[in-house]
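Here is the structure we will look at, set down as structure tokens.
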Amino acid sequence: MTLPTLETERFFIRPLQESDLDLMLEMDTDPEIMKHVGGAMTEEEVRSRLPNYLHRDEEKIHGQWCIVSKTDGERHGLVLVKPMPVEEPNGRLFDTIEASGIEIGYRLRKTSWGKGIATEASEPFLALQFDEVGLDRLIACIDPENNGSQNVLKKLGMRYIGETPAYGLILPTFEITAAEWRAARNS
Ligand SMILES: CC(C)(COP(=O)(O)OP(=O)(O)OC[C@H]1O[C@@H](n2cnc3c(N)ncnc32)[C@H](O)[C@@H]1OP(=O)(O)O)[C@@H](O)C(=O)NCCC(=O)NCCS
């Protein structure tokens, strides 16, 4: 079994692959994109993290996916679903790190901001995790000043549960349970 490719109205969301390194280099060395995500990395750091980006758990459907426009094949950024690291990963594989839950996250190129892409691309992962994998809750952490991300999480139906340890910090955390997601879907 390989990680699935998901589909929304505007996008195919396929597993991240080695040839997406250019996209990761573009996003992760950009101080504006990385302002609330631990700061820009050097090109060398991004290259050395490629195994982390490509790391997958096919049974639990954890990994990172690339958001691709159906119309022209443009790549907009990534969505990830994986164990939330408690410590700063610092190049280690994320599955070796003590986790506090399963996180959903996203990061887009600047030209793709403000078009509803993060919300649309994240939604199918809730359905996948709750309906097919059988997960009972998803969490997400944000920098307290990341209003854009906070709005995406609220649009996904996630609710603030306080501050929890994540990535070596204590960060505002949002949660949605499978029951809440089902209730919202059926309302
Ligand atoms: C945060 C980020 C993913 C948002 O993606 P996006 O596709 O622009 O978000 P959406 O268009 O789905 O926006 C969802 C809602 O948030 C609002 N929003 C988006 N960016 C915003 C911002 N910077 N400030 C305030 N609100 C914002 C939108 O207006 C929208 O609300 P609306 O539908 O009521 O208008 C994107 O800006 C990004 O990649 N930032 C850099 C990386 C990052 O911070 N990732 C998140 C780490 S937790």
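The values are calculated or read from the model by the stated rules, or taken from the named source; none is laboratory data. Bear in mind that the values here come from a model prediction, so they are computed numbers and not experimental data. Cβ: placed from backbone, ideal geometry, glycine included. Neighbour counts: every protein chain shown. Accessible surface is based on the protein model in full, side chains and every heavy atom, while ligands, DNA and RNA are left aside. Shrake-Rupley method; radii C 1.70, N 1.55, O 1.52, S 1.80 Å.
Data overview
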| item | result |
| --- | --- |
| Å² per residue, accessible surface of the stretch 6-186 at 1.4 Å | 49 |
| Those trypsin sites (Lys or Arg not before Pro) in the stretch 115-187 that DSSP places in a loop and that have at most 16 other beta carbons within 10 Å | Lys115 |
| Amide H contacts of Gly101 (H built 1.01 Å from N, under 5 Å, at least 5 apart or other chain) | Met84 |
| List Leu21, Leu16, ordered by accessible area with a 1.4 Å probe, largest first | Leu21, Leu16 |
| Gap separating the Cα centres of the stretch 1-46 and the stretch 146-173, nearest whole Å | 20 |
| Space enclosed by the convex hull of the alpha-carbon atoms of the chain, per residue, Å³ | 116 |
| Percent RCO, i.e. relative contact order, over the stretch 6-186, from Cα pairs under 8 Å lying at least 6 residues apart | 19 |
| Neighbour-limited loop hits for GluC sites (Glu not before Pro), the stretch 1-80 (at most 14 other Cβ within 10 Å; DSSP other than H, G, I, E, B) | Glu9, Glu32, Glu58, Glu59, Glu74 |
| Carbon plus sulfur fraction of accessible area for the chain, probe 1.4 Å, in percent | 49 |
| Solvent exposure ordering (accessible area, 1.4 Å, most first) of Lys70, Lys35 | Lys35, Lys70 |
| Heavy-atom accessible area ranking, 1.4 Å probe, most first, across Cys141, Cys66 | Cys141, Cys66 |
